[in-house]
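In what follows, a single structure is set out as structure tokens and then discussed.
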Amino acid sequence: MAQKLDPWKSTEISDYSKLFEEFGIQPFAEVLDALPDPHKYMKRGIVFGHRGYEMIADAIKNKKPFVILDGFMPTGKAHFGHKMVMDQIVWYQKQGGIVVVGMADCEAHAVRGLSWEECRQIGVEEYITSLIALGLQPENTRIYFQSECQPVKDLAFELGTKVNFSEMAAIYGFSGETHLAHMVSVLTQGADILHSQLPEFEGPIPVVVPVGADQDPHIRLTRDIASKMNMFLIERREDQKTGSKYWSVRGKNAPEGALKEIEKLLRDGFGGAGVQTKLSKEHIDIFGNISEAELTELVKNAELAHGGYAFVIPASTYHRFMSGLTGGKMSSSIPDSNIALSEDPKSAAKKIMKAKTGGRESAEEQRELGGEFDKCSVYELYLFHLTDDDNELIQVQKDCTSGNILCGECKKKAADKMEAFLTDLQQKREEAFDKLPLFGIDYVRK
């Protein structure tokens with residue numbers, strides 16, 4: 001049975017590998033070696049898939065500009081599941097990325113029914129301060145609320161011209177009872193992803209969006225709409241008679257004369273290099289020695305000159321979900337299943353001491369057979385958050401499977417680490433309130 005990915009409900013994914021076949025997500029392992037210094041989530045297989053990540057890896061390796069875009073729906077406390085995204089945002093900033101973070105208050109208001117005031121308070125006090133406390137720097141960073149960002153709202157309206165209700169229903173399961181604000185919030189998320197490429201911001205630029213697999217419907221829709229919004233489509237084709245390769249630029253939404261201008265630019269800039277063109281009413285074929293990068297840049301400039309968007313199709317990465325401390329997926333609606341980033345450190349330690357583990361039924365059996373770390377929520381805390389040292393992680397595995405350590409002792413070590421981490425984080429979160437103006441956030445605590 002095919003899996004269903006729902007961005008607004010708890011999604012259980014039993015086999016991540018099926019997402020490659022069912023939804024066309026590509027294995028991240030294929031691009032891992034292209035990164036100079038991958039994040040631990042990437043090296044440990046927590047980031048398991050991607051769409052179009054090659055251009056981001058190239059930008060990081062060659063120090064080219066790119067945007068890291070992500071958003072948070074401010075409906076509850078930020079927890080360690082959200083920290084996974086925040087850690088990646090901070091890492092991308094260190095790799096030279098321009099950080100753009102949206103607070104999805106329009107979505108929270110439309111889907112969860114929160115007031116605008118509640119959205120702002122939760123967005124600042126839970127998400128933005130946590131992100132700053134985890135290391136986000138104000139340089140090359142833009143944080144905004146959807147409801148206050150007019151370019152996002154204007155772009156969402158334009159994106160709506162390229163998608164109809166039938167498409168929305170097929171992707172999200174919308175019905176006649178789905179209210180319009182919910183549908184608009186989907187388009188607003190697409191605008192979140194694409195608006196950095198508008199002329200008033202960075203212009204056409206590679207963008208990467210790190211998400212959990214349940215958010216892939218938003219990514220697929222946005223990539224499709226971005227393609228539809230562009231005037232031109234560049235395709236690599238093969239001559240059926242000779243087998244030779246050539247480029248074809250199709251002017252699907254282009255105004256009259258735009259293809260002729262591309263032909264002129266090619267002739268003026270590449271004619272001496274032996275590049276030849278064949279122009280028809282709806283497309284232009286290009287033969288000869290011109291690279292995809294050169295052609296893409298030329299077509300982009302032609303589109304921008306004719307008032308188009310020339311969107312670079314956004315990339316995405318997909319990370320595994322953390323298990324909840326009580327089993328199943330970590331969820332904000334089940335307090336004992338998660339640890340909030342604003343949680344009292346001692347309360348968090350107590351939750352870990354009660355967490356579900358991969359231990360055996362008795363201490364004797366555990367010492368004889370060892371534990372099953374791959375079924376243990378406490379081990380996942382180590383894997384995702386409690387250590388950056390791979391050797392320490394391997395030792396935790398060995399101690400578990402050999403029976404050298406029982407679950408109680410392992411929990412105590414993890415609880416102590418968590419308590420120390422949160423004690424430090426709470427101090428940094430308090431300090432983050434004073435840093436809000438550096439990020440352009442005007443906020444007074446009540």
Tally the residues that are more than 34 Å from the chain's Cα centre (by Cα) and over 15 Å from Thr357 (Cβ atoms), restricting the search to region 391-403. 1
One residue is enough: does region 64-74 have a residue meeting the conditions in contact with a Leu (Cβ under 6 Å, 6 or more places away or on another chain) and at pLDDT 95 or above? no
Odd one out for Glu125 among (1) farther than 22 Å from Ala315 by Cβ; (2) without any contact (Cβ under 8 Å) to a residue 40 or more places away in the chain; (3) of a type in the set (D, E, K, R): (2)
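Each row is one residue, and each column tells you yes or no for (1) basic (Lys, Arg); (2) within 29 Å of Thr161 (Cβ to Cβ); (3) out of contact with any Gly (no Cβ under 7 Å at 6 or more places or on another chain).
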residue	(1), (2), (3)
Met229	no, yes, yes
Leu233	no, yes, yes
Ser248	no, yes, yes
Gly251	no, yes, yes
Lys264	yes, no, yes
Leu279	no, yes, yes
Glu282	no, yes, no
Ser291	no, no, yes
His306	no, yes, yes
Counting just the residues of region 64-90 that are over 19 Å from Ala213 (Cα atoms) and under 13 Å from the mean Cα position of the chain (by Cα), which one comes out surrounded by the fewest Cβ atoms within 10 Å (Cβ to Cβ)? Val90
Test for Asp192: is it assigned by TED's automatic domain parsing to the domain that holds Glu54, farther than 21 Å from Glu54 by Cβ and touching a Gly at 6+ places or on another chain (Cβ under 6 Å): yes
Here is a list: Asp399, Asp374, Asp416, Asp336. Which entry is in contact (Cβ under 8 Å) with a residue 60 or more places away in the chain and not polar (S, T, N, Q)? Asp416
Within region 91-113, how many residues are surrounded by 21 or more Cβ atoms within 10 Å (Cβ to Cβ), of a type in the set (A, V, I, L, M, F, W, C) and more than 30 Å from Asp58 (Cα to Cα)? 2
Identify, please: which residue in region 243-276 is aliphatic (A, V, I, L, M) and more than 21 Å from Asn230 (Cβ to Cβ) and is, among those, surrounded by the fewest Cβ atoms within 10 Å (Cβ to Cβ)? Ala273
Okay, helices (runs of 4 or more DSSP H) sitting entirely in region 144-260 with 3 or more residues that are modelled with pLDDT of 90 or more and under 21 Å from the mean Cα position of the chain (by Cα), I get 150-159, 180-194, 216-229
For region 88-116, what are the residues that are touching a residue at least 60 places away in the same chain (Cβ under 8 Å) and either assigned to a helix (DSSP H, G or I) or β-branched (Val, Ile, Thr) (or both)? Gln88, Ile89, Tyr92, Ile98, Val100, Cys106, Glu107, His109, Ala110, Val111
On the given criteria, is Leu438 over 23 Å from Ala349 (Cβ atoms) and in a helix (DSSP H, G or I)? yes
Listed residues Lys356, Lys351; which is in contact with a helix residue (DSSP H, G or I) (Cβ under 9 Å, 6 or more places away or on another chain), outside the structural domain of Phe201 (by TED's automatic domain parsing), assigned to a helix (DSSP H, G or I) and under 29 Å from Ser130 (Cβ atoms)? Lys351
Against the conditions (1) at pLDDT 90 or above; (2) polar (S, T, N, Q); (3) within 30 Å of Arg142 (Cα to Cα), where does Ser331 fall short? Just the number, please. (1)
Name the one entry in Ser147, Ser130 that is surrounded by 18 or more Cβ atoms within 10 Å (Cβ to Cβ), farther than 30 Å from Ala59 by Cα, small (Gly, Ala, Ser) and touching a residue at least 24 places away in the same chain (Cβ under 8 Å). Ser147
Considering (1) within 30 Å of Gly243 (Cα to Cα); (2) assigned to a loop (DSSP other than H, G, I, E, B), say which one Val299 fails and leave the rest. (2)
For region 314-348, name all the residues that are over 30 Å from Ile25 (Cβ atoms) and part of a loop (DSSP other than H, G, I, E, B). Ser342, Glu343, Asp344
Output the residues belonging to region 389-446 that are β-branched (Val, Ile, Thr) and loosely packed, with under 13 Cβ neighbours inside 10 Å. Ile394, Val444
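The values are calculated or read from the model by the stated rules, or taken from the named source; none is laboratory data. Here the structure is a predicted model, which is why all the values come from computation and not from measurement. Cβ: placed from backbone, ideal geometry, glycine included. Neighbour counts: every protein chain shown.
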